[in-house]
1. Out of all the residues in the stretch 174-190, which are more than 25 Å from LEU221 (Cα to Cα) and of a type outside the set (A, V, I, L, M, F, W, C)?
2. From (1) touching a helix residue (DSSP H, G or I) at 6+ places or on another chain (Cβ under 8 Å); (2) more than 19 Å from VAL124 (Cβ to Cβ), pick out the condition that doesn't hold for LYS187.
3. Against the definition (within 22 Å of GLY17 (Cβ to Cβ) and either crowded, with 19+ Cβ neighbours inside 10 Å or touching a Phe, Trp or Tyr at 6+ places or on another chain (Cβ under 9 Å) (or both)), how does THR118 come out, yes or no?
4. Any idea which residue in the stretch 256-271 is surrounded by the most Cβ atoms within 10 Å (Cβ to Cβ), counting only those that are free of Cβ contacts under 8 Å to residues at least 40 places away in the same chain and in contact with a Leu (Cβ under 7 Å, 6 or more places away or on another chain)?
5. I want to confirm something. Restricting to the stretch 163-203 and keeping residues that are touching a residue at least 40 places away in the same chain (Cβ under 8 Å) and touching a Ser or Thr at 6+ places or on another chain (Cβ under 9 Å), which single residue is surrounded by the fewest Cβ atoms within 10 Å (Cβ to Cβ)?
6. Which count do you get for residues in the stretch 45-82 that are polar (S, T, N, Q) and either outside the structural domain of GLN290 (by TED's automatic domain parsing) or within 16 Å of ILE13 (Cβ to Cβ) (or both)?
7. Test ALA98 against the stated conditions and say whether it is of a type in the set (A, V, I, L, M, F, W, C), in the same structural domain as THR22 (by TED's automatic domain parsing), outside any helix (DSSP H, G or I) and more than 24 Å from the chain's Cα centre (by Cα).
8. Give the residues of the stretch 289-325 that are under 24 Å from the mean Cα position of the chain (by Cα), hydroxyl-bearing (Ser, Thr, Tyr) and modelled with pLDDT of 85 or more, sorted by residue number.
Amino acid sequence: MTETPAAVENVIILGSGCAGLTAAIYAARANLEPLVVMGVEAGGQLSLTTEVENYPGFPEGVMGPELIDRMRRQAQRFGARFVAGDANAVDLSSRPFAIQIEGEPHRTRTLIVCSGATARMLGVPGEKRLLGHGVSTCATCDGAFFRDQEVVVVGGGDSAMEEAIFLTRFARRVVVVHRRDELRASKIMQERALANPRIEFLWNTYLTEVLGGNQVEAVRLWNHETDERWEMKVEGVFLAIGHVPNTEIFENQLRMDAQGYLVPKDPGRSLTDVEGVFIGGDVHDHVYRQAVTAAGAGCRAAIDAERYLERVGEVSQPTAGATSR
């Protein structure tokens, strides 16, 4: 018995965070009926965030999961379809592109990659449970919630120093916890952080546990040089030990930088070196990593995909039966 080949989609979007959902809204309004692969972390990092105060149009703020839900419903209103799970493999060597979604084969004329980046975690008790409740991976996003409070920043690179300096605008006290006896940050960032009177440093120290009920109340620390262990009361824990872009399935197929972030064909564009493949959001942006910049990048990718399909004259309606779930 011969299997019927999978229907060819106009657009498949990988990721359901701000970038992926914005791309879905624009692609759906262009009558492309995009198929959105929600990913392992459905909703992206905003789904792990509590209140968002810096997204335009919400003067009183909005909960991260609520913002994601609104964007998803907006995309569905225009005809976007959603499938749970993650893309396991992709073949960009021939057209239409072949994608395995939880082992199920799909084909598509264009692909928009908005699979994002995952913040590195310490892997200590209490960390994940209190993520969004005092534990944060983004000082720019959450710093204003910690006015006149005491916080710790974990890390020793440029990102950690930037986070610590930024947090001094709000927090009463900022303590940098670093496992080594010197920083990895660039010289100028080191000088700025070390000269800031509101930043303290704990050298040769590991954060071993985050304590608290519904909110962060304290952390447990360990100095591996002296073997001293103690608790320190804080209201916030900021993890600044890097991000891992979710790009593993594109190795040897799309151009990446040394950290694994996808590289656009031209700066400021969503195009890649493979025609018909477009990128948006944190999967290539390791500078801003904001909801609003991710949304803008998703918009850009959808418009570029629509124009590509118009140029090659390959737009068609997906077959019936591919429904949201």
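1. SER186, LYS187
2. The one condition LYS187 does not meet is (1).
3. Values: within 22 Å of GLY17 (Cβ to Cβ): yes; either crowded, with 19+ Cβ neighbours inside 10 Å or touching a Phe, Trp or Tyr at 6+ places or on another chain (Cβ under 9 Å) (or both): no.
Here the answer is no, as THR118 does not meet what is asked.
4. Among residues in the stretch 256-271 that are free of Cβ contacts under 8 Å to residues at least 40 places away in the same chain and in contact with a Leu (Cβ under 7 Å, 6 or more places away or on another chain), the one surrounded by the most Cβ atoms within 10 Å (Cβ to Cβ) is PRO264.
5. ARG179
6. Step one: filter the stretch 45-82 for residues polar (S, T, N, Q), giving 45, 47, 49-50, 54, 74, 76.
Next, only the ones that are either outside the structural domain of GLN290 (by TED's automatic domain parsing) or within 16 Å of ILE13 (Cβ to Cβ) (or both) stay: 74, 76.
Result for the stretch 45-82: 2.
7. yes
8. Selection gives THR293 alone.
The values are calculated or read from the model by the stated rules, or taken from the named source; none is laboratory data. Remember, it's a predicted structure, so these values are computed and weren't measured experimentally. Cβ atoms come from the backbone with ideal geometry, glycine included; neighbour counts cover every protein chain shown.
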